[in-house]
Amino acid sequence: MTTETTTPILDADPIGEINKYDFQTVSKPVFKARKGIDAEIVHQISDMKNEPDWMREFRLKSLDIFFEKPMPKWGGDVALDFQDIYYYLKPTNGQGRTWDEVPQEIKDTFEKLGIPEAERKFLSGVKAQFESEVIYGSLKQDLSDKGVIFTDTDTAVREHPELLRKYFGTIIPPQDNKFAALNSAVWSGGSFIYVPKGLKIDFPLQAYFRINAENMGQFERTLIIVDEGASIHYVEGCTAPMYSSESLHSAVVEISVQKGARCRYTTIQNWANNIYNLVTKRAMAYADATMEWIDGNLGSHLTMKYPAVYMMEPGARGEILSIAFAGKHQHQDAGAKLVHCAPNTTGQIISKSISKNGGRSSYRGLVRVEKGATNVKTNVVCDALILDDKSRSDTYPYLEIAEQDVSIGHEASVSRIGEEQLFYLTSRGLTEAEASAMIVNGFIEPLVKELPMEYAVEMNRLIQMQMEGSVG
Amino acid sequence: MSDTLVITNLHCSVEGKQILRGVNLTVRRGETHALMGPNGSGKSTLGLVIMGHPKYEVTEGTITLNGVDLHEKAPDERARAGLFYAFQRPVAIPGVKLADFLRHAATNVRNPERKEGEELMPMKDFRKELKAKMEQLRMNPEFARRYVNDGFSGGEMKRAEILQMAMLQPKIAILDETDSGLDADAVRLASQSIAEIGREKMGLLIITHHDKLLEHNPPEYTHVMLGGRIVETGGRELADELHSSGYDRIRKAYPDAAEENRLMAAKEEAAAAAH
């Protein structure tokens, strides 16, 4: 089913469908590149952004790599016509600095997403991306006074070239895989964050991304540098409206967590059912640093996402909590990678998946211990919950261990929604649908309790929507 | 009119194996019944069938509550009609807080007409009531924040079952070996708790091997199950006899049922060993 791209999306069942939100907003792009990808398009993008030569060259080189690279073998089946996608849209002239400057139609979309309210109540720094471009951003003055940089990546190319160049494309080089190469060639938008030495930010920084144009690829590029002893929690949420032909989302997220620093990156992505969501996320954690990925995936036609932590120096720690919900016509190929490159490093992967209505979820995880990485400890727990006979779940754990003195644990469990659990709850007066929703909500509780309040509420609401009418 | 559960000539099977072979039983609100019998006699099955467990197929006979046939009713509809079954081995529901679950359950049971998505009972009222009930049952309020039966000790599970009974206020409650796996003190506490919340207000069907649970809940009727049917019914004195002398007299008096029971118990043991 993963190769079906002609799925009649609008007839699909309610799972994962965002059309209940009625998100689709008529937007008028100021500039829209023609369909397809070649050097001319890349030049166009670079021209539009008025980029320095080094970035233009980086893009062109990446484009060559993209053409050379085969489709990745790790993951699901990608059936995409790369020439049938728009690679760049520019929604507004310039960048909105205050809320007043944000166009009304975009405000309306945010309204439906609940963003302005969320921001007022909760957010201290907001980056919101509409189409390919960051159109609205605000950052508390005191943060920038302390030396924090929180901007979109396009701006960072202009304003912080030295810092950006030092890391950009080093954690995930274009050679890494076909989709990283594609992103490197046509990227636009995304967040750039630098947290200076020793600064601990005790509230989450947040951003919102979405796709709103048919056949449009979105290729945001995020780079986060957490300097020595600093700490940050970055939260990114994604939702997308329904469209009838396939769209591609292929982001690259690079994170450097330096000595003694801590970074948590939380995302809940809820894509329209026709979107290929192919994302490369990787963090390098240095001595005694901690990197945590909290990664929730709903919707999309195919998601391939394996947040990775490379533990580069002794004492580094990597934690990944991944949750996927696969409904009809969906394949969630999600997981995690932990690479121990140094002794005394520790890791943990908790992966949970729910499959419903013919959906397919796969856990694909890699634990690698490099030569010399002794006294390494990693634990992998993956639980799959299958809600009906039509759905499917697979586990593909990869272990590559080059050392003796290691402790690697792997537990996997697959359960059908328990008849005994259902009976227990229904015997107390809950309907079967209520009972199922309760079991599923309980199942994802480990993720939800790690989320900031707004997101926890949204997550529960999404699950609720997906469970409605699902049992019968 | 008092609320009455009537079971008539009930036969049921699981995976083609017959377990109940013609059970007749009437339990009215305000009455306490003890249901006793050796292992494999079908006591738990009877409780589960009354509650509508999907695993069991009723092949003959009826179960009615206040004259309404429950045959086509789902477990949640039976709960809303006023039935309660306290599990012998409650299942864990990780991630679901006992209080959240109970608020949902209590709302549904008290407002049987409630549609999905309608408001739950007000949090303030619910909390107040839950707190009072937990105090009455001498439970730590922290307990309500734990996940349903997840990591509970045997005693905690049984007390959670009694707490649910207290919150749902059923008309007829079936208590399936609520004393099993508990030490003497815990059994006494459970027995007292059941008496405090259950007696007079509910009809109780207490499935038990031991007499401790009956100390505070003296049965008006004692039923003995053997080989899938109730072979004898008496008063409190029958329970006392079975506690002191066991089932030998019963087995001798009903040799056919005793043979059925032997076969059923052997199958149960084999199934348990296979797991």
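Quick notes on this structure:
- Average partner coverage of B:111-121, which counts Cβ from other chains inside 10 Å: 1
- Which of B:His33, B:Met139, B:Ala190, positive extreme of dipole for chain B (C-beta unit charges): B:Met139
- A simple charge model with +1 on the Cβ of Lys and Arg, -1 on the Cβ of Asp and Glu and nothing else charged puts the dipole of region B:29-185 at about 500 debye relative to its Cα centre.
- Charged-residue dipole, Cβ positions (Lys, Arg, Asp, Glu), chain B about Cα centre, Debye nearest 20: 600
- For region A:266-319 versus region A:141-159, the spacing of their alpha-carbon centroids is 23 Å.
- Within 10 Å of the Cβ of each residue in B:95-107, the mean number of Cβ atoms contributed by other protein chains is 4.
- Estimated inter-spin distance, B:Asn140 and B:His210, nm [label 7 Å along Cα→Cβ]: 2.3
- Heavy-atom accessible area, 1.4 Å probe, ligands and nucleic acids excluded: residues of region B:19-52 down by at least 20 Å² from chain alone: B:Met51
- Extended-chain gain in nm, criterion 0.36 nm per residue less alpha-carbon gap, A:Glu403 and A:Thr155: 84.9 nm
- Relative packing of peptides B:136-146, A:383-393 - highest average C-beta neighbours within 10 Å first: A:383-393, B:136-146
- Alpha-carbon centroid distance for the pair region B:125-194 / region B:8-43, whole angstrom: 25
- 0 to 90° range, to nearest 10: angle between helix B:98-110 axis and chain B longest Cα axis: 80
- Residues whose amide H comes within less than 5 Å of that of A:Glu313, counting only those at least five positions distant or on another chain, are A:Ala287 (H built at 1.01 Å from N in the peptide plane).
- Semi-axis lengths, largest first, of the ellipsoid equivalent to region A:306-456 are 34, 15, 13 Å, with √(5λ) applied to each eigenvalue of the Cα gyration tensor.
- At q = 0.15 Å⁻¹, base-10 log of I(q)/I(0) for chain B (Debye sum, equal scatterers on each alpha carbon): -1.18
- Chain B, helix-only ellipticity at 222 nm - DSSP H runs n ≥ 4, -39,500 (n - 2.57), divided by all residues, nearest 500: -12500 deg cm²/dmol
- Exceeding the 21 Å Cα-Cα cut-off - candidates A:Lys73/A:Lys356; B:Lys97/B:Lys131; A:Lys69/A:Lys352: A:Lys73/A:Lys356; A:Lys69/A:Lys352
- Average accessible area per residue (Å²) across region A:371-413 - probe 1.4 Å, nucleic acids and ligands excluded: 57
- Heavy-atom accessible surface that B and A bury in contact, both chains counted, 1.4 Å, Å² to 100: 2200
- Protection-proxy order for peptides A:415-427, B:149-161, each taking the mean of Cβ atoms within 10 Å per residue, highest first: A:415-427, B:149-161
- Residues whose placed amide H lies under 5 Å from that of B:Gly22, excluding near-sequence neighbours: B:Leu10, B:His11, B:Cys12
- A:Ser413 versus A:Met71: modelled label distance in nm, points set 7 Å from Cα along the beta carbon direction: 3.6
- Heavy-atom surface of region B:1-55, accessible at 1.4 Å and reported per residue (Å²): 33
- Take each residue in B:142-150, count the other chain C-beta atoms within 10 Å of its C-beta, and the mean is 1.
- Distant alpha-carbon pairs in region B:1-110 (separation over 24 angstrom), percent: 29
- Largest first, the three principal axis extents of the alpha carbons in region B:1-43 are 38, 20, 13 Å in whole numbers.
- Relative contact order %, chain B, counting alpha carbon pairs below 8 Å whose residues are six or more apart: 27
- For A:Thr395, distant residues with modelled amide H under 5 Å away: A:Tyr363
- Net lengthening on full extension, A:Glu40/A:Trp54 (0.36 nm per residue, minus Cα-Cα): 3.4 nm
- Using only side-chain charges placed at the Cβ, +1 for Lys and Arg and -1 for Asp and Glu, the dipole size of region A:216-337 relative to its Cα centre rounds to 180 debye.
- The simple spin-label model puts a point 7 Å past each Cα toward its Cβ; for A:Arg165 and B:Glu241 those points are separated by 10.0 nm.
- Taking Lys and Arg as +1 and Asp and Glu as -1, the other residues whose beta-carbon sits under 13 Å from that of A:Glu319 total +2.
- For region A:366-414, convex hull volume per residue from C-alpha positions, Å³: 55
- Pairs from the list A:Lys35/A:Lys178; B:Lys115/B:Lys171; A:Lys35/A:Lys328 with a Cα-Cα gap above 25 Å: A:Lys35/A:Lys328.
The values are calculated or read from the model by the stated rules, or taken from the named source; none is laboratory data. The model shown is predicted, which means the values in this text are computed figures rather than measured ones. Every residue, glycine as well, gets a Cβ built from its backbone with ideal geometry; the counts of neighbours run over all protein chains shown. We work out accessible area using only protein heavy atoms, side chains counted, and drop any ligands, DNA or RNA first. Shrake-Rupley method; radii C 1.70, N 1.55, O 1.52, S 1.80 Å.
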